[in-house]
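Peer 1: Dropping a structure here in structure tokens format, bear with me for questions.
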């Protein structure tokens, strides 16, 4: 399979529906606008009640498996006598597998999944793996050319200014066993064979997740999407899976252990609303798998271990990153709400009420239950139910505590800032009766600072809990290409503005 399937690709072929085989169709890959157009369909509706998967063949040999198909339109064309001449269907496939065999939705055959994402080169930046020798290259090139001359049976002369391009052969950058599977990052260079057009290496870095047991397509894809918040957090900007491949040991000849490669096209892969800003400089990435592999492995293992419980909150963080530099009210509210949907293990325990408070709560509950139903009655009953529960400020402070303990000198008055950020959020959510400042008039000065404070504490505390050495990070210099460093650099300036506007002394 030599053709690369990406946005802009077109193909003609034949497709099999649950109710009809060998239907001619045209496939167009255009992201959200991708579609399969089928002609001369005998049945009026598709998909059927039992399947949303379509199989087909394009380019004569490439076999397609289209998953999670949705019917977009169904049209009939008639000739002058009213006879139906063409029944045409338009279908939207969420995912397409390209390979040399068809795959059913329930086939658990995939042993690993590989993908490239937006900043994989920057996150797994191993500078010394590839290079070029210019100085004293003439001292090394003669034995290389002599060996090549023996193979080619002709002498290759050395020129006036020789140069040597090299690859050390280090394919595996890091390899980490996790609950999700063995996660590794790999150098996969392509080379030219030489000649007058030149020669050398063009590298791409792929991440692979090797599963402990074979997975279905949907399960393999789910594992990949679970890692997106991790890579986005480490990169400091939203990541998109640019290319994806699945490796499978097919059940056709199990005794031969035939390994097959499938290319994946996802129509709904993350399309960013805003242009991506500056890419992270490799030196600014908070965990470095090349220079600090132990720390990287430790953080990744723990982070993956908490995926089931933390997924909702982490996806909220990823959604915030996708807004890039847009710091609006919705982002502020969402950044605060991330803490509210953390699992109970990540926030402080509920407060134990005194006996007097319990009696007062229970008596009040009985009084309000006897009143006619109304929004006010429901609101009071809900608050009584929450009495003793950890509130949002407590949760945010709890998550910030390890950061303050380790690098509080870099972020003075951080707990006060976070309290005020929650006050601002409460104003826009609950309409707080009394505010120290007109938030709308000063949102440019306060809203962005509060939002970045909440996001920094959420992400940094997640990584600290996983084993990140934030103290070592705080001692390093930066090019300010990562939001963690940018927040640290501008913190005291924004803090002074906030203190002035909110009337805090000291």
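The values are calculated or read from the model by the stated rules, or taken from the named source; none is laboratory data. Keep in mind that what you see is a predicted model, and the values were worked out from it rather than measured. Methodologically, a virtual Cβ is constructed for each residue, glycine included, from the backbone with ideal geometry; neighbour enumeration extends over all protein chains shown.
Peer 1: Among the residues that make up segment 350-373, is at least one of them exposed (fewer than 11 other Cβ atoms within 10 Å of the Cβ) and closer than 30 Å to residue 307 by Cα?
Peer 2: Among the residues of segment 350-373, at least one is exposed (fewer than 11 other Cβ atoms within 10 Å of the Cβ) and closer than 30 Å to residue 307 by Cα, which makes the answer yes.
Peer 1: Show the residue pairs meeting these rules: Cβ distance below 6 Å; 6+ apart or different chains; first residue within segment 134-145 and more than 16 Å from residue 157 (Cβ to Cβ); second residue outside any helix (DSSP H, G or I) and at pLDDT 85 or above.
Peer 2: 134/163
Peer 1: Listed residues 144, 121; which is in a helix (DSSP H, G or I), in the same structural domain as residue 243 (by TED's automatic domain parsing) and surrounded by fewer than 17 Cβ atoms within 10 Å (Cβ to Cβ)?
Peer 2: Details: 144 fails: in the same structural domain as residue 243 (by TED's automatic domain parsing).
One residue alone meets the criteria, 121.
Peer 1: Could you look through segment 185-194, keep only residues that are in a strand (DSSP E or B) and over 26 Å from residue 303 (Cα atoms), and pick out the one that is farthest from the chain's Cα centre (by Cα)? Reasoning before the result, please.
Peer 2: First, pick out the residues of segment 185-194 that are in a strand (DSSP E or B): 185-187, 190-191.
With the extra rule that they be over 26 Å from residue 303 (Cα atoms), the set shrinks to 190-191.
Details: 190: 26, 191: 30 Å.
If we take residues in segment 185-194 being in a strand (DSSP E or B) and over 26 Å from residue 303 (Cα atoms), then 191 is farthest from the chain's Cα centre (by Cα).
Peer 1: Among 392, 418, 454, which is the only one that is without any contact (Cβ under 8 Å) to a residue 40 or more places away in the chain, under 28 Å from the mean Cα position of the chain (by Cα) and either closer than 29 Å to residue 345 by Cα or buried (at least 19 other Cβ atoms within 10 Å of the Cβ) (or both)?
Peer 2: Details: 392 fails: without any contact (Cβ under 8 Å) to a residue 40 or more places away in the chain; 454 fails: without any contact (Cβ under 8 Å) to a residue 40 or more places away in the chain.
The conditions single out 418.
Peer 1: Related question: Can you tell me which of (1) loosely packed, with under 12 Cβ neighbours inside 10 Å; (2) at pLDDT 80 or above is the one residue 77 doesn't meet?
Peer 2: (2)
Peer 1: Okay, moving on. Mind telling me which of the residues 480, 446, 454 ends up being part of a loop (DSSP other than H, G, I, E, B), closer than 20 Å to residue 325 by Cβ and in contact with a helix residue (DSSP H, G or I) (Cβ under 7 Å, 6 or more places away or on another chain)? Even if it seems obvious, please write down each step before you answer.
Peer 2: Details: 446 fails: part of a loop (DSSP other than H, G, I, E, B); 454 fails: part of a loop (DSSP other than H, G, I, E, B).
Residue meeting the stated conditions: 480.
To keep it simple, each residue is scored yes or no on (1) modelled with pLDDT under 95; (2) over 30 Å from residue 30 (Cβ atoms); (3) assigned by TED's automatic domain parsing to the domain that holds residue 207; (4) part of a strand (DSSP E or B).
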site	(1), (2), (3), (4)
251	yes, yes, yes, no
275	yes, no, no, no
278	yes, no, no, no
302	no, yes, no, no
324	yes, no, no, no
331	no, no, no, no
338	no, yes, no, no
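Peer 1: Filter segment 149-175 down to the residues that are in contact with a strand residue (DSSP E or B) (Cβ under 7 Å, 6 or more places away or on another chain) and not in a loop (DSSP other than H, G, I, E, B), then identify the one that is farthest from residue 307 (Cα to Cα). Lay out the reasoning, then the answer.
Peer 2: Pass one, segment 149-175, residues in contact with a strand residue (DSSP E or B) (Cβ under 7 Å, 6 or more places away or on another chain): 163-167, 170-175.
From what's left, not in a loop (DSSP other than H, G, I, E, B): 164-167, 172-175.
Details: 164: 45, 165: 42, 166: 39, 167: 36, 172: 25, 173: 24, 174: 21, 175: 19 Å.
Ranking the candidates gives 164 first.
Peer 1: Please go through segment 303-314 and give me each residue that is surrounded by fewer than 17 Cβ atoms within 10 Å (Cβ to Cβ) and touching a residue at least 60 places away in the same chain (Cβ under 8 Å), ordered by number.
Peer 2: Initially, segment 303-314 is screened for residues surrounded by fewer than 17 Cβ atoms within 10 Å (Cβ to Cβ), giving 305, 308-309, 311-312.
Within segment 303-314, 305, 311 meet the criteria.
Peer 1: Would you mind stating whether residue 246 is modelled with pLDDT under 95 and surrounded by 19 or more Cβ atoms within 10 Å (Cβ to Cβ)?
Peer 2: Numbers: modelled with pLDDT under 95: no; surrounded by 19 or more Cβ atoms within 10 Å (Cβ to Cβ): yes.
When the stated conditions are applied, residue 246 does not pass them.
Peer 1: Here's a follow-up. Residue check: is residue 345 part of a helix (DSSP H, G or I), surrounded by fewer than 17 Cβ atoms within 10 Å (Cβ to Cβ) and touching a helix residue (DSSP H, G or I) at 6+ places or on another chain (Cβ under 9 Å)?
Peer 2: Values: part of a helix (DSSP H, G or I): yes; surrounded by fewer than 17 Cβ atoms within 10 Å (Cβ to Cβ): yes; touching a helix residue (DSSP H, G or I) at 6+ places or on another chain (Cβ under 9 Å): yes.
Yes, satisfied.
Peer 1: I would also like to ask the following. From the list 212, 199, exactly one residue is assigned to a strand (DSSP E or B), over 22 Å from residue 482 (Cβ atoms) and out of contact with any helix residue (DSSP H, G or I) (no Cβ under 9 Å at 6 or more places or on another chain). Which is it? Lay out the reasoning, then the answer.
Peer 2: Working: 199 fails: assigned to a strand (DSSP E or B).
Among 212, 199, only 212 is assigned to a strand (DSSP E or B), over 22 Å from residue 482 (Cβ atoms) and out of contact with any helix residue (DSSP H, G or I) (no Cβ under 9 Å at 6 or more places or on another chain).
Peer 1: Quickly run through segment 17-71 and pick out the residues that are at positive phi and modelled with pLDDT under 90. Steps first, please.
Peer 2: Our first condition is that a residue be at positive phi; within segment 17-71, this holds for 22, 31, 40, 59-60, 68.
If the condition is that a residue be at positive phi and modelled with pLDDT under 90, then 22, 31, 40, 59, 60 are the ones that fit.
Peer 1: Of the residues in segment 358-407, how many are in contact with a helix residue (DSSP H, G or I) (Cβ under 7 Å, 6 or more places away or on another chain), over 21 Å from residue 423 (Cβ atoms) and modelled with pLDDT of 90 or more?
Peer 2: Of the residues in segment 358-407, 3 are in contact with a helix residue (DSSP H, G or I) (Cβ under 7 Å, 6 or more places away or on another chain), over 21 Å from residue 423 (Cβ atoms) and modelled with pLDDT of 90 or more.
Peer 1: Right, next: Looking at segment 421-443 only, could you name the residues that are touching a helix residue (DSSP H, G or I) at 6+ places or on another chain (Cβ under 8 Å) and surrounded by 17 or more Cβ atoms within 10 Å (Cβ to Cβ)?
Peer 2: If the condition is that a residue be touching a helix residue (DSSP H, G or I) at 6+ places or on another chain (Cβ under 8 Å) and surrounded by 17 or more Cβ atoms within 10 Å (Cβ to Cβ), then 421, 422, 424, 425, 428, 437, 439, 443 are the ones that fit.
Peer 1: Is it the case that some residue within segment 176-184 is closer than 30 Å to residue 302 by Cα, outside any loop (DSSP other than H, G, I, E, B), free of Cβ contacts under 8 Å to residues at least 12 places away in the same chain and touching a strand residue (DSSP E or B) at 6+ places or on another chain (Cβ under 9 Å)? Quick ask: steps written out before the conclusion?
Peer 2: Applying the first criterion (closer than 30 Å to residue 302 by Cα) to segment 176-184 yields 176-184.
Filter once more, keeping what is outside any loop (DSSP other than H, G, I, E, B): 176-177, 182-184.
Filter again for free of Cβ contacts under 8 Å to residues at least 12 places away in the same chain, leaving none.
Looking through segment 176-184, none of the residues is closer than 30 Å to residue 302 by Cα, outside any loop (DSSP other than H, G, I, E, B), free of Cβ contacts under 8 Å to residues at least 12 places away in the same chain and touching a strand residue (DSSP E or B) at 6+ places or on another chain (Cβ under 9 Å).
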